[in-house]
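**Student:** I have a structure here, written as structure tokens, and I will follow up with some questions on it.
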Amino acid sequence: MAHPAKRPVRSTTCTLRGCRPVPLSCEEIANYEGRYEYWEAATETAWVLRDTSPRHEHPSSRLVALVTDIGKMRGTPISMYGTADLQERTPDGARVYAAQPDQMIYLDCPDELPQVIIVGNFPLPDVVFEVDLTTDIRDRKLDLFASWGVPELWVEVPDAGMPSKRKRSGLTIYVIDNGTYRESPESDAFPTWSAREIHASLNEPWTSSITVASLRRVGEAMGRLTGTRPEDDPFVAAERRIGRREGLREGEAAGFEVGRREGREALFRERLATVERLLTARDIPVAGQLSECADRIAALPNEAVLDAALQSRDLADFLRRLG
């Protein structure tokens, strides 16, 4: 549906920064095909993003890739939707409020997602994701999502700046608590995934080894809650079968015992390098100082070593956590 004919813009109860008001009646919003941030029946006004940019779209597409990888490690897929409406309606079906998040995450894939998600008639997403590049979620949508009871809201302010951006970059996680949002350092829906890690992963040019370690940790933690493993994902299972066959052929060619020993050594070197990069990225200098704890790092499960690196305050704390 095209934008309705020009007519005077009614007074509105709110103003959304970075957006322009578009008059849309209750009848017109039902067939409106454009994107908008927020709509209310009281003023019959939709607020449409004024400055569209790939910088606004990139975090959403990046999040899809990250969550997909977590789903593979969990062993069951995670659904994401960026086109559906969230709407509040009266008992007789009249629209009251409507919003279009940048992404919606359902940890358990719905059998069929309707084009319009009516609050109270269909389960709410586990996480709503919004990008605040030129907009501000606090103008209206934050309170709206809280009133609906959306369990978790992520608000990303990308590192790539624009002249109209007034806020510092970073990701804020809001968790619903007695009908209002409180900020949380990490996600409830994705256990152990911190706001700092999510923001860094959304803004890096490619998936770093640190991000890979985080995605594996989060996915496996979620799998323990659901009783699933990476091998339950068809793609991961196929890749691991291929990897095992290739490893077996290489081992037979070079000698089974030699190949296995070299494989263990290469894996340990990579683990040691990953730990050193992770600690260095967290401003914990460790260059040349991990040799004294090499045996402990080799003996512990990879997950325990990475958890210690992610949670430690300094090198001494890291060594203490290794036990």
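The values are calculated or read from the model by the stated rules, or taken from the named source; none is laboratory data. Not measured: the values here are computed from a predicted model. When we count neighbours, we look across all protein chains shown, and the Cβ atoms used for this are built from the backbone with ideal geometry, even at glycine. Surface accessibility is based on the protein's heavy atoms, side chains included, excluding ligands, DNA and RNA. Shrake-Rupley method; radii C 1.70, N 1.55, O 1.52, S 1.80 Å.
**Student:** Return the residues of the range 81-106 that are crowded, with 20+ Cβ neighbours inside 10 Å and of a type in the set (A, V, I, L, M, F, W, C); say none if nothing qualifies.
**Tutor:** Matches in the range 81-106: Leu86, Ala98, Ala99, Met104, Ile105.
**Student:** Right, another one. Please go through the range 23-42 and give me each residue that is open to solvent by 10 Å² or more (accessible area, probe 1.4 Å) and touching a Ser or Thr at 6+ places or on another chain (Cβ under 8 Å), ordered by number.
**Tutor:** Within the range 23-42, Pro23, Glu37, Ala42 qualify.
**Student:** Where the second residue is hydroxyl-bearing (Ser, Thr, Tyr) and the first is surrounded by fewer than 19 Cβ atoms within 10 Å (Cβ to Cβ) and lies in the range 184-202, which pairs have Cβ atoms under 6 Å and are six or more apart or on separate chains?
**Tutor:** Pro185/Ser194; Glu186/Ser194
**Student:** Which members of the range 169-198 meet the condition of being over 21 Å from Leu225 (Cα atoms), polar (S, T, N, Q) and not in a loop (DSSP other than H, G, I, E, B)?
**Tutor:** Listed by number, the residues that qualify are Thr172, Thr180.
**Student:** Could you check Pro205 against (1) part of a helix (DSSP H, G or I); (2) more than 20 Å from Asp126 (Cα to Cα) and say which number it fails?
**Tutor:** (1)
**Student:** Has the range 80-89 got any residue that is farther than 25 Å from Gly18 by Cα and of a type outside the set (A, V, I, L, M, F, W, C)?
**Tutor:** Scanning the range 80-89, I find at least one residue that is farther than 25 Å from Gly18 by Cα and of a type outside the set (A, V, I, L, M, F, W, C), so the answer is yes.
**Student:** Name, by its number, the condition in (1) under 15 Å from Arg35 (Cα atoms); (2) touching a residue at least 40 places away in the same chain (Cβ under 8 Å); (3) open to solvent by less than 20 Å² (accessible area, probe 1.4 Å) that does not hold for Leu49.
**Tutor:** The single condition Leu49 does not satisfy is (3).
**Student:** Pick out, from the range 222-323, the helices (runs of 4 or more DSSP H) lying fully within it that include 2 or more residues that are modelled with pLDDT under 75 and out of contact with any helix residue (DSSP H, G or I) (no Cβ under 6 Å at 6 or more places or on another chain).
**Tutor:** By residue number, 234-254, 256-281, 294-299.
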